[in-house]
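The values are calculated or read from the model by the stated rules, or taken from the named source; none is laboratory data. No experiment lies behind these values; they were computed from the predicted model shown. Methodologically, a virtual Cβ is constructed for each residue, glycine included, from the backbone with ideal geometry; neighbour enumeration extends over all protein chains shown. Note: accessible area is taken over every heavy atom of the protein model, side chains too, but ligands, DNA and RNA are not part of it. Shrake-Rupley method; radii C 1.70, N 1.55, O 1.52, S 1.80 Å.
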Amino acid sequence: MKMTMRYYGKDYDSVTLEQLRQIRYVEGLISTLYYKQAGELWERDEIKALKKEIEDGGLELSGIESVNIHDAIKIGTPDRDMYIENYIKTLENLGEEGINLVCYNFMPIFDWTRTDLAKPRPDGSTVLAYDQNIVEKIDPNNFAAYMDENSNGFVMPGWEPERLGKLKELFEAYKDVDADKLFNNLVYFLKAIMPTCDKYGIKMAIHPDDPAWSVFGLSRIITNKENLLKMLNAVPSVNNGVTFCMGSLGSNPDNDLVDLVHALKGRIHFAHIRNLKHTAPGKFEEACHLSADGSFDLAAVVKALYEDGFDGVIRPDHGRMLWGEKAMPGYGLYDRALGAAYICGLWEMISKN
Ligand code: CS2
Ligand code: MN
């Protein structure tokens, strides 16, 4: 495996390349052109510049999270082919620059959803939390503004104000997009891009829906073993793969994470390792990576990846906010660095036994 950290680029991240490099456990970074809107073409020069920024900082660009998918592709409107064309050109440009891992998600309108971005814990740290009861009471039209106000002044991944300014129209456009339609639109997209992925050896790694169930009446389809296998089987190229985000999949306690790792063997190209604590049905809060702090057995998950010969990219996912740090919720330096060290420790121990 290759340990990495997510980095948003010098204009967006509070964490610097110098800090990331000194974590030492980390070999490369996962980044993106954060200023790009979904559907926009990524020019080769722009990709080159991102690569150079990271390489000048002494690290490598190990993959992209995310190249976001335009709503036209998810909804299946006639203009989707134009956006797919752009996506293909972006993949070609990435391929030409030697980038061979792309994470993306297929969630309608909202990316990952939380109801509290800074829930205090008894030790004074804060975490992201989710409560289905609160979501049911919120007007989704106000939800984007809520996230914006609570994000420490950072634009959060998947919550770009430009797009979310048009929520009413978006909800209208998704009105008839049920789970089957959304799934068919995903397959249509994957079939169109796969020849390019195969040509360049680009591994596509779909990020599971977070939480792993439908929110605000919008369909969600990347939520469990059955759906993931259905999606992998529909487009059997090895480059059609998965981001194993244990926090997202594990939001539903019915998902057995170790079983899932084995079921997805060979198709997991990217792993997001984190922990969370279930406190009631539909209610959870994120936790420290340490198994004892949450509901997941991280050692068992890392061991399952090891046993299956996982040699993809791995990163700690959301961390707590610690030691007075002001950063994008979930993406501070300190707790993610602790997470990287913990995961590397587990990996070394498992590999030596
Ligand atoms: C991430 C997602 O911060 C997060 O929760 O895991 O925003 C993820 O990057 C996207 O869903 C992938 O497209
Ligand atoms: Mn994730």
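As a quick test, which of the pairs LYS89/LYS191; LYS36/LYS89; LYS181/LYS283; LYS199/LYS225; LYS2/LYS230; LYS2/LYS51 have an alpha carbon distance above 23 angstrom in this structure? Before the final figure, lay out the partial values.
Details: LYS89/LYS191 15 Å; LYS36/LYS89 14 Å; LYS181/LYS283 28 Å; LYS199/LYS225 28 Å; LYS2/LYS230 28 Å; LYS2/LYS51 17 Å.
Check vs 23 Å cut-off fails for LYS181/LYS283; LYS199/LYS225; LYS2/LYS230.
So for the stretch 281-353, averaging the separation of alpha carbon pairs under 8 Å that are six or more residues apart and normalising by length, what relative contact order in percent results?
The normalised contact order for the stretch 281-353 reaches 32 percent.
For the chain, what proportion of DSSP beta bridges, expressed in % and rounded to the nearest 5, is antiparallel? Before the final figure, lay out each step's value.
On the way: 13 of 40 bridges.
The answer is about 30 percent antiparallel.
Which value, in Å² and to the nearest 10, is the accessible area of ILE138 when all protein chains are kept and the probe is 1.4 Å?
Rounded to the nearest 10, that gives 40 Å².
Along the positive direction of the dipole of the chain (beta-carbon charges: Lys, Arg +1; Asp, Glu -1; about the Cα centre), which of PRO211, MET5, ALA300 reaches farthest?
ALA300
Would you work out the relative contact order for the stretch 231-321, in percent, from Cα pairs under 8 angstrom that are 6 or more residues apart? Could you put the intermediate results ahead of the total?
Numbers: 144 pairs, mean separation 25.8, N = 91.
Reported as a whole number, the value is 28 percent.
From zero outward in steps of 10 Å, how is the percent of C-alpha pairs of the stretch 1-140 spread across the bins?
10, 32, 31, 21, 6, 0
Just add up the charged neighbours of ILE314: K/R +1, D/E -1, any other residue whose Cβ is under 14 Å from the Cβ of ILE314. Spell out each step's value before the answer.
Values: positive: LYS2, ARG6, LYS203, ARG274, LYS303, ARG315, ARG336; negative: GLU27, GLU65, ASP308, ASP311, ASP317, GLU348.
After counting each charged neighbour, the total is +1.
Using 15 Å as the cut-off for backbone N distance, which residues of the stretch 85-120 belong to the label zone defined by a point 7 Å from the Cα of LEU33 along Cα→Cβ?
85-99
Hey, can you find the accessible area per residue of the chain for me, probe 1.4 Å, expressed in square angstrom? Mind dumping the intermediate values first?
Numbers: 14370 Å² over 353 residues.
Counting only protein heavy atoms, the per-residue value for the chain is 41 Å².
Longest exposed-loop-site-free stretch of the chain, with trypsin sites (Lys or Arg not before Pro), DSSP loop and at most 14 other Cβ within 10 Å?
On the way: sites that count: LYS10, ARG24, LYS166, LYS175, LYS265, LYS326.
Looking at the chain, 25-165 is the longest stretch - no exposed trypsin sites (Lys or Arg not before Pro) with at most 14 other Cβ atoms within 10 Å.
If you count the DSSP beta bridges with both ends in the stretch 1-150, what percent of them are antiparallel, to the nearest 5? List each step's numbers first, then the result.
Values: 3 of 12 bridges.
Just about 25 percent of them are antiparallel.
Can you figure out the FRET efficiency of TRP323 with ASP180, using R₀ = 56 Å and their beta-carbon distance, to the nearest 0.05?
Working: r = 47 Å, r/R0 = 0.85.
Once rounded, the FRET efficiency stands at 0.75.
Where does each of CYS288, CYS197 land when they are ordered by accessible area, with a 1.4 Å probe and the largest first?
Details: CYS288 25, CYS197 0 Å².
Result of the area sort, largest leading: CYS288, CYS197.
Summing +1 for each Lys or Arg and -1 for each Asp or Glu, what net charge is found among the other residues whose Cβ lies under 12 Å from the Cβ of LYS166? If you can, show how the numbers build up before the last one.
Details: positive: ARG163, LYS168; negative: ASP71, GLU160, GLU162, GLU169, GLU172.
Residues near LYS166 contribute -3 overall.
Where does the chain land at 222 nm, in deg cm²/dmol rounded to the nearest 500, when only DSSP H runs of n ≥ 4 count, each adding -39500 (n - 2.57), divided by all residues? Walk me through the numbers before you get to the answer.
Numbers: 14 runs with 140 residues, N = 353.
My calculation for the chain gives -11500 deg cm²/dmol from helical runs alone.
Pick from ALA118, ALA292, ALA327: which is most flexible by mean-square fluctuation in a GNM of the chain where alpha carbon atoms under 10 Å apart are linked?
ALA292
Report the full-extension gain for the segment ASP259 to GLU96: residue separation times 0.36 nm, less the Cα-Cα distance, to one decimal in nm.
Working: separation 163, 0.36 × 163 = 58.68 nm, distance 3.62 nm.
The span from ASP259 to GLU96 would gain 55.1 nm if fully extended.
What is the spin-label model distance, in nm, from ARG24 to VAL238 if the labels are put 7 Å beyond Cα along the C-beta direction?
Here the modelled spin labels are 3.5 nm apart.
Run through the DSSP bridge list for the stretch 200-328 and note the antiparallel percent, rounded to the nearest 5.
Roughly 35 percent of the beta bridges in the stretch 200-328 run antiparallel, per DSSP.
How much net charge surrounds VAL215 when only other residues with a Cβ under 12 Å from its Cβ are counted (Lys, Arg +1; Asp, Glu -1)? Write down the numbers at each step before the final one.
Details: positive: ARG114, ARG220; negative: ASP111, ASP131, GLU136, ASP209, ASP210.
Neighbourhood net charge equals -3.
Can you pull the semi-axes for the chain, root of five times each eigenvalue of the Cα gyration tensor, sorted largest first, whole Å?
Working through the eigenvalues yields semi-axes of 27, 24, 22 Å.
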